[in-house]
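The values are calculated or read from the model by the stated rules, or taken from the named source; none is laboratory data. Computed from a predicted structure; not experimentally measured. Because the Cβ atoms are built from the backbone with ideal geometry, glycine has one as well, and the counts that use them run over all protein chains shown.
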Amino acid sequence: MSSIEDIRKARIKKLKAIEAAGFSAYPNQVKRTHTSETALKEFSKLFRQKKEVILVGRIISLREHGGLAFINIKDESGKIQAMLKKDRLGEKGYRFFLDNFDIGDFIEIKGILFKTKRGEKTIEVWSYKMTAKSLLPLPEKWHGLTDIEERYRKRHLDLLFNPEVKERFVLRSKVITEIRSFLEKEGFLEVETPILQPLYGGASAKPFKTHLNALDINLYLRISPELYLKRLLVGGFEKVYEIGKCFRNEGIDKAHNPDFTMLEFYWAYSDYKELMKFTEKFISSIIKKITGRTKISYQGKTIDFSCPWPRIEYSNIIRKYAKIDIDEMGLEGLKKQAQKMGLSVKGGKAEIIDEIYKKMCRPKISNPVFLIQYPASAFPLAKPLDDNTAKSASFQLVAAGFELVKAFSEMNNPILQRERFKEQEKIFKQGFEEAQPMDEDFIEALEYGMPPASGFGMGIDRLTALITNSHSLREIILFPIMKPR
């Protein structure tokens, strides 16, 4: 069996033969009158009229029988069979094709449509042209490949051989289109905020750091657009949203990737309770638009997004599954409980509770649930409840073990916001590296006055993973980060 390098050398030899014959193996211009799909749909008319068609695509199979050669070519719309006849092309033209064209090459063919004796719709080739010579052979055993990492590393081949993978990314695009359509109908304006930021903020996460040579300053890749979007509320906008990449220097697992796509929107003069109703309408509408129903299958379970969804206090879900009363237990007691479970005890009370929740509670939530009223210290940018300042006016939407949405009534009291940032600085010094830094510029913006508002953050990757029944975010991120070999 020839090695890959032997095959590559042989194909380079064919490339040179094509060029020596006066043809380009990579021409600038390509003609096409029909896709494979439209040629097959219009077959009856084209066949009846004996109308010439020009098709382009990749050769995915090639077989010779006497003075005939049959190939299948594939474009984005599908595939079609083509027949090359020695009698039609002449000995020289027929032989040139067989000697120099391989499976994997891109080709332009011109001819007329007919049906073979077996009834297969086929194009009889009158002329052909190389449009891109492939130097590496397409792998023969790619379909059904069990090495998942290899699929992610060579996504181009994964897409080429696994139609269901390509369909996931088509659905992902539709999800984003439907999100935009829904929000714009509700009066939200799409905006863009900086990805490179002089100070990271808006979430609890470790950032990626970089350097801008032109100004000789350090910058961070944003972990969230939140603090800039809220500046827009100060500036007079009332409904704004952004869809874009965020970056967090954290672990990689089925629900996390260092770079991911986030939707955030901010809605002046609304609160977290109103936002929960809006979220039900928003998410269920997206799912129904994409799938045609509100029930989806995810990893062997049926997840029902029919509204309304339960509202459960965060403290109650922990009491139910972890048997801990977080309202009564102090920091040291929580640390002891977390250590028994083998969990991190870095940070303050809210951070330790979150570790317990992620291990004991979140995996047990299947159908969508709003977990409401988190500890005030858990969300430093959220307003406290009017009747219980130890808790925040907040919620998370959880389904199938995924945290899909984090949202709350936004803090617009600059004095209290400064105190929250100071608390974050304190736990950072205690070793919790994901704490949020003091942002004096943002506090100054709040001091000019920000209207009451609610804010919403959702990982588009997670929602898409649910809709496409993908076990990991890597399945619906085209080119996930991989460890070098």
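Could you look through the range 65-77, keep only residues that are at pLDDT 95 or above and part of a strand (DSSP E or B), and pick out the one that is farthest from Glu167 (Cα to Cα)? In this case the residue turns out to be Leu68. Scan the range 422-444 for residues that are part of a helix (DSSP H, G or I) and crowded, with 20+ Cβ neighbours inside 10 Å and the total you get is 3. The single condition among (1) touching a Gly at 6+ places or on another chain (Cβ under 8 Å); (2) in a loop (DSSP other than H, G, I, E, B) that Ala407 does not satisfy is (2).
Exactly one residue out of Phe428, Phe402, Phe442, Phe408 is in contact with a helix residue (DSSP H, G or I) (Cβ under 6 Å, 6 or more places away or on another chain) and modelled with pLDDT under 95: that is Phe402. Restricting attention to the range 251-277 and to residues that are small (Gly, Ala, Ser) and closer than 24 Å to Met411 by Cβ, the residue that is surrounded by the most Cβ atoms within 10 Å (Cβ to Cβ) turns out to be Ser270. Considering Glu140, Glu192, Glu150, Glu184, the condition of being touching a strand residue (DSSP E or B) at 6+ places or on another chain (Cβ under 9 Å), without any contact (Cβ under 8 Å) to a residue 40 or more places away in the chain and not hydrophobic (A, V, I, L, M, F, W, C) is satisfied by Glu184 alone. Looking across the range 63-82, the residues that are closer than 19 Å to Asp102 by Cβ and surrounded by fewer than 19 Cβ atoms within 10 Å (Cβ to Cβ) come down to Arg63, Glu64, His65, Leu68, Phe70, Asn72, Lys74, Asp75, Lys79, Gln81. Here Lys86 passes the criteria (1) modelled with pLDDT under 95; (2) surrounded by 14 or more Cβ atoms within 10 Å (Cβ to Cβ); (3) not hydrophobic (A, V, I, L, M, F, W, C) except the one numbered (1).
Looking at the range 215-235, which of the residues that are free of Cβ contacts under 8 Å to residues at least 24 places away in the same chain and more than 27 Å from the chain's Cα centre (by Cα) is surrounded by the fewest Cβ atoms within 10 Å (Cβ to Cβ)? Once the filter is applied, the top-ranked residue is Asp216.
Going through the range 451-466 one residue at a time, which ones are within 26 Å of Glu403 (Cβ to Cβ) and part of a loop (DSSP other than H, G, I, E, B)?
Pro452
For Lys358, the criteria (1) of a type in the set (D, E, K, R); (2) touching a residue at least 12 places away in the same chain (Cβ under 8 Å); (3) out of contact with any Cys (no Cβ under 7 Å at 6 or more places or on another chain); (4) not in a loop (DSSP other than H, G, I, E, B) hold in every case but one, which is (2). Among the criteria (1) crowded, with 19+ Cβ neighbours inside 10 Å; (2) in a loop (DSSP other than H, G, I, E, B); (3) out of contact with any Gly (no Cβ under 7 Å at 6 or more places or on another chain), the one Cys246 does not fulfil is (2).
Taking the range 119-227 as the region of interest, the helices (runs of 4 or more DSSP H) fully inside it that hold 2 or more residues being within 30 Å of His34 (Cβ to Cβ) and out of contact with any Lys or Arg (no Cβ under 7 Å at 6 or more places or on another chain) are 155-161, 163-185. In summary, Glu238 fulfils each of the numbered conditions (1) exposed (fewer than 13 other Cβ atoms within 10 Å of the Cβ); (2) closer than 28 Å to Ser224 by Cβ with the single exception of condition (1). Looking only at the range 317-355, residues that are part of a helix (DSSP H, G or I), farther than 22 Å from Ala205 by Cβ and small (Gly, Ala, Ser) come to 2 in all.
Within the range 8-62, the set of residues being among the β-branched types (Val, Ile, Thr) and closer than 17 Å to Leu98 by Cα comprises Ile12, Ile18, Ile59, Ile60. Could you tell me whether any residue of the range 26-33 is modelled with pLDDT of 95 or more and surrounded by 18 or more Cβ atoms within 10 Å (Cβ to Cβ)? Within the range 26-33, not a single residue is modelled with pLDDT of 95 or more and surrounded by 18 or more Cβ atoms within 10 Å (Cβ to Cβ).
Scanning the range 272-303 for residues that are more than 19 Å from Ser394 (Cα to Cα) and touching a Ser or Thr at 6+ places or on another chain (Cβ under 7 Å) yields Ser284, Ile287, Lys288, Thr294, Lys295, Lys301, Ile303.
Kindly evaluate Gly251 against the criterion of being under 21 Å from Ser204 (Cβ atoms) and either in a loop (DSSP other than H, G, I, E, B) or outside the structural domain of Pro452 (by TED's automatic domain parsing) (or both). Answer is yes for this residue.
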